[in-house]
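The values are calculated or read from the model by the stated rules, or taken from the named source; none is laboratory data. The shown structure was predicted, so the numbers you read here are calculated from the model rather than taken from an experiment. As a convention, Cβ positions derive from the backbone with ideal geometry for all residues, glycine included, and neighbour counts pool all protein chains shown. Each accessible area value is taken on the protein alone, full model and side chains, heavy atoms only, with ligands, DNA and RNA left out. Shrake-Rupley method; radii C 1.70, N 1.55, O 1.52, S 1.80 Å.
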Amino acid sequence: MISRLRLKIIIVITIILTLAVFGIMISINMVEKASNRTQIEARIQRIASLDGFLPTDYQNYNPLDDDQSGFSDCFSIQIDYLYQIRKIVLTRDITVDQNDMIEYANQALASGSSFGEMGHYAFYIQPKYYGSVIVFMDIHSYQQAQKNLLFTTSLIGLLTIILFFFLTVALAFWLVKPVKISFENQKRFVSNASHELKTPLAVISANVDVLENETGENKWLQYIRTETVRMNELVNELLCLARLEDKSGHPLMISEFNLSDVFLQTTLPFESKVFEMGKTLDVDAQPDLMYRGDESMIKHIITILLDNAVKYSDKNGTISAALYLHNNKKIIEVYNTGEGVPKDKLQKIFERFYRQDEARNSKNGGYGLGLAIAKTGVEAMGGKITATGEYGKWIKFTVVL
């Protein structure tokens with residue numbers, strides 16, 4: 001539980017910081033692109049206002065010392081109202097030949113836009129008394145600067161995310177530490193209290209036997225015996241859960257065994273109980289499936305799931321238990337018809353002491369620990385348990401080993 005909580009904190013904080021970094025990075029690039037576009041548009045419009053010629057004071061107009069910046073690599077084409085070329089103005093000796101210039105002009109006119117980009121050139125079309133002038137400016141330097149900015153911000157963003165990730169990991173350990181201490185204290189209390197309760201329960205049970213021998217059977221002693229048995233079951237479940245969660249102190253007894261035989265040995269004794277209740281039990285096991293794990297824990301898990309199915313199946317309902325191999329994984333499925341569990345609560349049923357219906361659970365003698373024990377036991381062996389179902393009709397538990 002603590003590990004999952006820590007992982008959730010790391011994931012949530014990392015996602016938030018990643019989105020923030022990407023948002024800042026995208027904003028910087030968009031602002032720079034808009035600024036470049038404004039500069040290009042202003043310079044190319046000034047040339048167009050002079051019929052395609054560079055302004056005579058362009059060196060003073062451009063704050064940069066390099067006179068190739070701003071108005072470099074430009075050419076203009078004047079056309080009349082019949083779309084015939086009146087004049088081609090070259091601002092510098094550029095490598096574009098006249099045929100390419102005419103092709104660029106045709107593409108600019110066909111675009112239907114007065115300003116736009118075409119490869120490494122930006123163009124602007126301005127109406128004139130004689131027709132219009134189309135100005136083309138080489139913007140390769142702007143595009144390269146934009147690419148360099150994108151690379152730089154991406155690199156900085158990536159390094160920032162990596163740094164934030166490691167800081168988040170450290171922060172998650174610090175944030176979870178009080179919860180971990182509290183949870184460890186809670187587990188220790190449950191384990192110690194369970195151990196301490198076993199002695200008085202044993203004394204109560206022994207004294208009930210003595211009183212019954214002296215006074216004979218009566219309903220009051222029977223009430224004490226029944227509640228003592230229930231209390232003893234609860235204590236045993238708490239101890240089992242405490243042992244599973246305390247992996248260092250109570251390791252699993254790992255060995256290789258025939259899972260098919262264990263499955264049948266555990267499920268078949270339920271047949272008589274199910275038959276007496278007027279229900280149906282179907283058992284299907286693929287033979288000779290070997291598994292390396294804790295045999296007693298596997299038996300306990302199957303018992304919990306089957307007992308749960310018997311308790312909560314509907315009258316004259318159907319219960320099925322199956323074992324088979326799928327993709328080199330052993331699958332145990334326990335299904336029963338009945339009320340089931342609402343879809344939004346399917347994951348909650350694995351929480352300790354969770355009870356969907358207090359009255360129904362009390363009537364059936366449940367404590368809300370069985371499925372928590374099953375989940376902890378399955379995960380302790382590296383497996384996974386899930387619940388699926390349709391509320392009001394059926395529910396199925398699937399264990400993947």
Fill in the blank from the handout: Checked pairs for the range 367-393, first more than 25 Å from M253 (Cα to Cα), second β-branched (V, I, T) and assigned to a helix (DSSP H, G or I), C-beta under 9 Å and 6 or more apart or across chains, list as G368/I349; A387/I349
Exercise for the section: Could you figure out which of (1) at pLDDT 75 or above; (2) open to solvent by 60 Å² or more (accessible area, probe 1.4 Å) isn't true of R243? Expected result: (1)
Handout entry: Condition met for I24 (open to solvent by less than 70 Å² (accessible area, probe 1.4 Å), in contact (Cβ under 8 Å) with a residue 40 or more places away in the chain and part of a helix (DSSP H, G or I))
Key = no
Practice task
Go through the residues of the range 320-337 one by one and say whether even a single one is touching a residue at least 24 places away in the same chain (Cβ under 8 Å), polar (S, T, N, Q) and open to solvent by 30 Å² or more (accessible area, probe 1.4 Å).
Solution key: yes
Problem - Close pairs from the range 172-189: first over 22 Å from T376 (Cα atoms), partner in a helix (DSSP H, G or I) and modelled with pLDDT of 75 or more, Cβ under 7 Å, at least 6 apart - result: A172/R6; A172/I9; A172/I10; F173/R6; L175/I9
Problem - The one condition in (1) over 29 Å from M381 (Cα atoms); (2) touching a Lys or Arg at 6+ places or on another chain (Cβ under 9 Å) that G216 fails to fulfil - result: (2)
Fill in the blank from the handout: Here the residues within the range 253-270 that are in contact with an Asp or Glu (Cβ under 7 Å, 6 or more places away or on another chain) and outside any loop (DSSP other than H, G, I, E, B) are I254, S255, F257, N258, S260, V262
Practice task
Could you tell me whether Q59 is closer than 17 Å to N36 by Cα and modelled with pLDDT under 80?
Solution key: no
Problem - Candidates G131, G157, filtered to the one that is open to solvent by less than 70 Å² (accessible area, probe 1.4 Å), under 30 Å from I13 (Cβ atoms) and touching a residue at least 24 places away in the same chain (Cβ under 8 Å) - result: G157
Practice task
Could you grab me the full set of residues in the range 272-293 that are part of a helix (DSSP H, G or I) and open to solvent by less than 90 Å² (accessible area, probe 1.4 Å)?
Solution key: S272, K273, V274
Practice task
Return a yes/no flag: does the range 341-356 have any residue that is at pLDDT below 90, closer than 25 Å to P287 by Cα and among the charged types (D, E, K, R).
Solution key: no
Problem - Residue count, the range 256-272 (criterion: modelled with pLDDT of 90 or more, over 15 Å from K329 (Cα atoms) and hydroxyl-bearing (S, T, Y)) - result: 2
Exercise for the section: Might you let me know whether the range 144-153 holds any residue that is out of contact with any Asp or Glu (no Cβ under 7 Å at 6 or more places or on another chain), surrounded by 15 or more Cβ atoms within 10 Å (Cβ to Cβ) and at pLDDT 90 or above? Expected result: yes
Completion exercise
Selection from the range 108-124 of residues without any contact (Cβ under 8 Å) to a residue 24 or more places away in the chain and surrounded by 13 or more Cβ atoms within 10 Å (Cβ to Cβ) yields S111, S114, G116, E117, M118, H120, Y121
